[in-house]
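**Q** After the structure tokens below, expect a handful of questions from me.
The values are calculated or read from the model by the stated rules, or taken from the named source; none is laboratory data. In this text, all values refer to a predicted model and were calculated from it rather than measured experimentally. Positions of Cβ are backbone-derived with ideal geometry, glycine not excepted, and every protein chain shown enters the neighbour counts. Just the protein is used for accessible areas: all its heavy atoms, side chains included, with ligands, DNA and RNA removed. Shrake-Rupley method; radii C 1.70, N 1.55, O 1.52, S 1.80 Å.
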Amino acid sequence: MHRDDFGTDFTWGVASAAWQIEGAWDSHDKTPSIWDHAGHHRRVSGGAVGDDAIDFAHRFRDDLALVASLGFGAKRLSLSWPRLIPGGTGEVSSRGVEFYREVFESCRTNGLEPWVTLYHWDLPRSLHERGGWATRDAVEWFADYAESVASVLGDVVGRWMIANEPSMHALHHLLGVFDRTPSLTRYVRVAHHQTLAIAEAARRMRKVLGEDAVIGTTHQALPIWIRNENTAWGSRASRAWDTAMNRMFLDPLGGLGYPWGEAPLIDRVLRTVVRDGDEDAATHRFDFLGVQYYQPQVVKRAPIPGLWALPIPPLRPPKSFQPVTTAMGWVVEPSGLSDVLRRWAGHPVAERLVVTENGAAFRDELTVDAEGNRRVHDALRTWYYRTHLAEVASAIADGVPVDGYFAWSYADNIEWMLGRKPRFGLVYVDYDNDLQRTPKDSALWFQRFLSGIDVDA
Ligand code: BGC
């Protein structure tokens, strides 16, 4: 495999999100986000570990130089809404703006193109207390935020993603991470309001930024793997899961409307929130779709009497689906990535695709030799990247329009509710030793690959 297999204009980058890396949770006028609040209220393993996270807010210059030294040409990062608009709505913080301008300037100094996500799940807590994504007001709050961001940062950023994986974020609401009680109704309401907000925000940004800005949005891609797919139950369950995890988020944006009739429990709630004209308002054509792939969703039949048709995720993947799993317990199945790229290639939401996240957590160990050299031998992660990149190359060879690939993540960071434990980074962060950074073997593999060395030779 050679980087030329991906074409000469292909974007190579690494990704991260504000809350997972920045720290400085109350600096620059910033107010708490829903994740700060969750960390402060024992909803995050390890507690308030997001307060400092990996201190990107103070170390970004070194981190960006390190990313550039590995050969990457792009850095995907997200903006913290409560850092930029501490009140949630209204006035923009000049200190917040200044912080991000410095970050983008440092990206450019290091030859990294910033790819910026407006929203990676960190709603201002004050807005959550006013109903958050479960209220329709969130559509207007978000569109206003997008418009403000475009006005204050549009001159230094050319590539935008409106939102990160709305399906996962709806899932947080379903599980009750911010409200304590699980609720399917909340899941559907949050999903619908996010969809309306993404379309409206994209229109508002376009108005401010004009035709030159590249505006995409990202979605989690979950191929559904089901036992007994060929039975009546299997095919029905497969369509219901595909609706709940993929189609109800993507199809309305693409102008296809909701996939009514595939998931009755979801339909029942959707009917109470979708108003006349919403499916048109949700439609927007993006410049690219960000595809985020980690694993297939394995589903088996629920052993609950009366709910025979309700698929539930197994706690552990069934043996037959279990070649290798990551430290998250996720199935490693590289072919899932080319499957979703091929499947979404023709989706009306966007003509072009970019893999905006792909990566894995493994149990990494830092070794220090007698000379003090620090190494992390993460052969499994290197294998993960190699095999997944081979799938991207094969999709491109078949004519699928994929323009870039972002590894998740550039460094270990705070994995939401799971805190510091899962390590997704190409760079190891030593939490016991002043957050010291050490590039793992997988990072050095990328460095060789991106320098043009044929890694199969
Ligand atoms: C999210 C990241 C997260 C990663 C691994 C993606 O769903 O966008 O923020 O860390 O998955 O779980």
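**Q** Mind telling me which of the residues Phe446, Phe406 ends up being away from the ligand (no atom under 16 Å from the Cβ), aromatic (Phe, Trp, Tyr) and open to solvent by less than 70 Å² (accessible area, probe 1.4 Å)? Don't jump to the end; show me each part of the working.
**A** Details: Phe406 fails: away from the ligand (no atom under 16 Å from the Cβ).
Just a single option satisfies the conditions, and that option is Phe446.
**Q** On the basis of being more than 16 Å from the ligand (Cβ to nearest atom) and either of a type in the set (Asp, Glu) or free of Cβ contacts under 8 Å to residues at least 24 places away in the same chain (or both), does Glu357 make the cut?
**A** Numbers: more than 16 Å from the ligand (Cβ to nearest atom): no; either of a type in the set (Asp, Glu) or free of Cβ contacts under 8 Å to residues at least 24 places away in the same chain (or both): yes.
Taking the combined requirement at face value, the residue does not satisfy it.
**Q** Tell me yes or no: at least one residue of segment 236-249 is charged (D, E, K, R), open to solvent by 40 Å² or more (accessible area, probe 1.4 Å) and under 22 Å from the mean Cα position of the chain (by Cα).
**A** Keep residues of segment 236-249 that are charged (D, E, K, R), which gives 236, 239, 242, 247.
Now narrow it down to the ones that are open to solvent by 40 Å² or more (accessible area, probe 1.4 Å): 236, 239, 247.
Adding the requirement that they be under 22 Å from the mean Cα position of the chain (by Cα) leaves 247.
The answer is yes, given that some residue of segment 236-249 is charged (D, E, K, R), open to solvent by 40 Å² or more (accessible area, probe 1.4 Å) and under 22 Å from the mean Cα position of the chain (by Cα).
**Q** Shifting gears a bit: Of all residues in segment 204-224, which are touching a strand residue (DSSP E or B) at 6+ places or on another chain (Cβ under 8 Å) and not β-branched (Val, Ile, Thr)?
**A** Here is the first cut: in segment 204-224, the ones touching a strand residue (DSSP E or B) at 6+ places or on another chain (Cβ under 8 Å) are 205-206, 209, 213-224.
Within segment 204-224, Met205, Arg206, Leu209, Ala213, Gly216, His219, Gln220, Ala221, Leu222, Pro223 meet the criteria.
**Q** Scan segment 188-219 for residues that are out of contact with any Ser or Thr (no Cβ under 6 Å at 6 or more places or on another chain), part of a helix (DSSP H, G or I) and within 16 Å of the ligand (Cβ to nearest atom) and jot them down.
**A** Filtering segment 188-219 for residues out of contact with any Ser or Thr (no Cβ under 6 Å at 6 or more places or on another chain) gives 188-197, 199-207, 209-217, 219.
From what is left, the residues that are part of a helix (DSSP H, G or I) are 188-197, 199-207, 209.
Result: Val190, Ala191, Gln194.
**Q** Would you check which residues across segment 147-167 are closer than 16 Å to Ala18 by Cβ and either surrounded by 24 or more Cβ atoms within 10 Å (Cβ to Cβ) or within 16 Å of the ligand (Cβ to nearest atom) (or both) and list them?
**A** Hits for segment 147-167 are Val149, Trp160, Met161, Ile162, Ala163, Asn164, Glu165.
**Q** Read through the list (1) in contact (Cβ under 8 Å) with a residue 24 or more places away in the chain; (2) part of a loop (DSSP other than H, G, I, E, B), then give the number of the only condition that Val429 fails.
**A** Failed condition: (2).
**Q** Oh, and also: Taking segment 322-373 only, how many residues are in a helix (DSSP H, G or I) and either surrounded by fewer than 20 Cβ atoms within 10 Å (Cβ to Cβ) or not aliphatic (A, V, I, L, M) (or both)? I'd like the intermediate steps shown before the answer.
**A** Initially, segment 322-373 is screened for residues in a helix (DSSP H, G or I), giving 335-344.
Narrowing the set further to residues that are either surrounded by fewer than 20 Cβ atoms within 10 Å (Cβ to Cβ) or not aliphatic (A, V, I, L, M) (or both) leaves 335-336, 338-339, 342-344.
Number satisfying all stated conditions: 7.
**Q** Moving on. Please state which one of Arg42, Arg3, Arg83 is of a type in the set (Lys, Arg), more than 30 Å from Val392 (Cα to Cα), away from the ligand (no atom under 16 Å from the Cβ) and open to solvent by 10 Å² or more (accessible area, probe 1.4 Å).
**A** On the way: Arg3 fails: more than 30 Å from Val392 (Cα to Cα); Arg83 fails: open to solvent by 10 Å² or more (accessible area, probe 1.4 Å).
Being of a type in the set (Lys, Arg), more than 30 Å from Val392 (Cα to Cα), away from the ligand (no atom under 16 Å from the Cβ) and open to solvent by 10 Å² or more (accessible area, probe 1.4 Å) holds for just one of Arg42, Arg3, Arg83, which is Arg42.
**Q** State whether the residues of segment 223-230 include one that is within 16 Å of the ligand (Cβ to nearest atom), modelled with pLDDT under 95 and out of contact with any Ser or Thr (no Cβ under 8 Å at 6 or more places or on another chain). Step through it out loud before you land on a result.
**A** If we filter segment 223-230 for residues that are within 16 Å of the ligand (Cβ to nearest atom), which is where we start, we get 223.
Filter again for modelled with pLDDT under 95, leaving 223.
Applying the additional criterion that residues be out of contact with any Ser or Thr (no Cβ under 8 Å at 6 or more places or on another chain) yields 223.
The answer is yes, given that some residue of segment 223-230 is within 16 Å of the ligand (Cβ to nearest atom), modelled with pLDDT under 95 and out of contact with any Ser or Thr (no Cβ under 8 Å at 6 or more places or on another chain).
**Q** Could you grab me the full set of residues in segment 14-33 that are at pLDDT 95 or above and either more than 14 Å from the ligand (Cβ to nearest atom) or touching a Cys at 6+ places or on another chain (Cβ under 8 Å) (or both)? Let's see the steps before the verdict.
**A** Step one: filter segment 14-33 for residues at pLDDT 95 or above, giving 14-27, 29-33.
Gly23, Ala24, Trp25, Asp26, Ser27, Asp29, Lys30, Thr31, Pro32 - these are the residues of segment 14-33 that are at pLDDT 95 or above and either more than 14 Å from the ligand (Cβ to nearest atom) or touching a Cys at 6+ places or on another chain (Cβ under 8 Å) (or both).
**Q** Name the residues in segment 170-186 that are assigned to a helix (DSSP H, G or I) and surrounded by fewer than 22 Cβ atoms within 10 Å (Cβ to Cβ), would you?
**A** From segment 170-186, those assigned to a helix (DSSP H, G or I) are 170-175, 184-186; that's our starting set.
Hits for segment 170-186 are Leu171, Leu174, Leu175, Leu184, Thr185.
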